[in-house]
Amino acid sequence: MKKFMIFVAFAALLSGCAAHTVISKQGNFTVGGTVLTRPGAYDNSKFVGWAEQEETGQSYRADHAFVEYQIPAHAKRHALVFVHGYGGSGSVWQSTPDGRDGFATLMLKHRYPVYVMDLPGRGRAGRTTAEKTVRPVADEMFWFDIWRMGIWPKFNKDVQFPEGTEALDQFFRLMTPNLGSGAGDAQTVAQTVDKTAPSVLVTHSAGGVLGWLAAIQSPNVRGIAAYEPGAFVFPEDDLPPAIDGLTGGTAPIPVSREDFLKLTRIPLVLYFGDYIPEEISQNLGDENWRVRLQMARKFVENVNKNGGNATLVELPKIGIYGNTHFLFMEKNNAQLADLLAAWLKAKKLN
């Protein structure tokens with residue numbers, strides 16, 4: 001009887017351990033970038049100051065991406081590479097405003113290796129060759145509206161975003177200035193995928209177009225899950241008309257037909273949240289995403305009519321309500337992670 005009880009206790013211990021994710025490897029690295037080298041010979045006897053330097057003969061590394069990764073034990077074959085949008089860094093994938101598991105952590109629990117990027121000039125990749133002036137711009141109420149949390153200061157009804165001043169404070173403090181030029185961002189994403197291959201890109205907002213372009217550049221992109229992408233590529237010989245809107249509208253980005261057809265060879269899924277109207281609105285956030293959702297529908301239609309495999313998931317149409325533009329950070333993000341995991345499995349990307 002005693003031996004049996006020891007066995008039961010040991011089995012329970014193993015069961016408890018199985019509920020936790022074991023990390024086999026983690027770390028970070030940089031991808032891409034440039035090196036500036038000033039002509040002349042470096043003289044190590046000169047001291048100008050800590051912030052100011054005599055640059056002659058010295059070098060400066062910049063314009064790279066910073067990538068943090070975690071690889072679970074018994075990892076699945078395909079890695080997930082997370083690409084953030086405008087105003088953010090990779091931290092949006094790693095945390096939530098109310099302290100729950102971030103989306104990358106949730107997908108790690110599904111046993112996917114996760115690679116979270118800070119794009120050049122953002123977050124921990126802030127060392128840049130672009131000359132920009134950083135100044136404080138009071139804009140948080142504008143973004144509250146644009147990102148469909150509500151109409152300031154009132155949240156949308158039944159919103160999934162964690163309400164309250166503390167969560168909102170944490171959320172806005174995740175924002176970071178964009179110090180990069182943006183010129184090589186798609187190439188840097190492609191280089192990251194080449195390093196982590198085979199991989200699925202998980203993109204958000206302004207990072208969405210980087211996903212389309214990176215997949216055109218790298219055959220190691222095996223799929224893309226895009227959360228509310230903000231812009232779309234189309235074959236240059238089949239461009240839909242631009243769609244006007246209060247925030248400037250949206251227009252198709254032309255690429256060659258040959259390049260566009262590369263997107264038809266991998267599975268794509270696009271997720272859009274709630275509070276996006278079908279009719280013209282006078283609210284900036286409504287209008288900004290009304291036109292982008294309409295262009296997303298045209299993009300998916302164009303991919304599929306060319307033999308592709310693209311799916312548009314409008315969450316309210318499948319019974320998931322209350323999500324804003326930052327849907328993967330919200331109270332139901334575990335449900336959305338399960339949804340993504342099911343799609344990955346269905347597309348044999350596990």
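The values are calculated or read from the model by the stated rules, or taken from the named source; none is laboratory data. Here the structure is a predicted model, which is why all the values come from computation and not from measurement. Virtual Cβ from ideal backbone geometry, glycine too; neighbours counted across all protein chains shown.
In segment 133-155, the residues that are without any contact (Cβ under 8 Å) to a residue 12 or more places away in the chain reach residues that are of a type in the set (A, V, I, L, M) with C-beta atoms within less than 7 angstrom, at least six apart or across chains, in these pairs: GLY150/VAL159; TRP152/MET141; PHE155/MET149.
Looking for something farther than 20 Å from GLY230 by Cα, surrounded by fewer than 19 Cβ atoms within 10 Å (Cβ to Cβ), out of contact with any Phe, Trp or Tyr (no Cβ under 9 Å at 6 or more places or on another chain) and among the charged types (D, E, K, R) - is there at least one such residue anywhere in segment 186-194? Within segment 186-194, one or more residues are farther than 20 Å from GLY230 by Cα, surrounded by fewer than 19 Cβ atoms within 10 Å (Cβ to Cβ), out of contact with any Phe, Trp or Tyr (no Cβ under 9 Å at 6 or more places or on another chain) and among the charged types (D, E, K, R). Under the condition of being closer than 25 Å to GLY182 by Cα, outside any helix (DSSP H, G or I) and not hydroxyl-bearing (Ser, Thr, Tyr), the residues counted in segment 129-149 number 10.
State yes or no: is PRO136 modelled with pLDDT of 95 or more and farther than 14 Å from VAL81 by Cα?
Numbers: modelled with pLDDT of 95 or more: yes; farther than 14 Å from VAL81 by Cα: yes.
Yes; evaluated as a whole, the condition is true for this residue.
Quick one: count up the residues across segment 153-168 that are on the phi < 0 side of the Ramachandran plot, in a loop (DSSP other than H, G, I, E, B) and exposed (fewer than 13 other Cβ atoms within 10 Å of the Cβ). Within segment 153-168, residues that are on the phi < 0 side of the Ramachandran plot, in a loop (DSSP other than H, G, I, E, B) and exposed (fewer than 13 other Cβ atoms within 10 Å of the Cβ) number 2. Beta carbons closer than 6 Å, at least 6 apart along the sequence or on distinct chains, pair a first residue in segment 306-318 that is free of Cβ contacts under 8 Å to residues at least 60 places away in the same chain and surrounded by 14 or more Cβ atoms within 10 Å (Cβ to Cβ) with a second that is of a type in the set (Phe, Trp, Tyr) and assigned to a strand (DSSP E or B) for VAL313/TYR271; GLU314/PHE272. Of the residues SER45, SER24, SER59, SER91, the single one that is at pLDDT 95 or above, over 30 Å from THR105 (Cβ atoms) and not charged (D, E, K, R) is SER59.
Give the residues of segment 258-281 that are in contact with a Pro (Cβ under 6 Å, 6 or more places away or on another chain) and within 17 Å of MET149 (Cβ to Cβ), sorted by residue number.
Listed by number, the list holds a single entry, ASP274.
Table: residues versus (1) surrounded by fewer than 17 Cβ atoms within 10 Å (Cβ to Cβ); (2) more than 26 Å from TRP343 (Cα to Cα); (3) touching a His at 6+ places or on another chain (Cβ under 9 Å).
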residue: HIS84; (1), (2), (3): no, no, yes
residue: THR96; (1), (2), (3): no, no, no
residue: LEU106; (1), (2), (3): no, no, no
residue: PRO120; (1), (2), (3): no, yes, yes
residue: ASP139; (1), (2), (3): yes, yes, no
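Between LEU270, LEU284, LEU293, the distinction of being buried (at least 16 other Cβ atoms within 10 Å of the Cβ) and closer than 20 Å to PRO241 by Cα belongs to LEU293 only.
Looking only at residues in segment 235-261 that are in contact (Cβ under 8 Å) with a residue 40 or more places away in the chain and over 23 Å from GLY307 (Cα atoms), the one that is surrounded by the most Cβ atoms within 10 Å (Cβ to Cβ) is THR250. Take the residues in segment 266-323 that are touching a helix residue (DSSP H, G or I) at 6+ places or on another chain (Cβ under 6 Å) and of a type in the set (A, V, I, L, M); name whichever of them is nearest to PRO198 (Cα to Cα). So the residue we want is VAL269.
In this structure, is ILE224 buried (at least 20 other Cβ atoms within 10 Å of the Cβ), closer than 22 Å to ALA346 by Cα, under 22 Å from the mean Cα position of the chain (by Cα) and of a type in the set (Val, Ile, Thr)? Considered against the rule, which asks whether it is buried (at least 20 other Cβ atoms within 10 Å of the Cβ), closer than 22 Å to ALA346 by Cα, under 22 Å from the mean Cα position of the chain (by Cα) and of a type in the set (Val, Ile, Thr), ILE224 comes out as yes.
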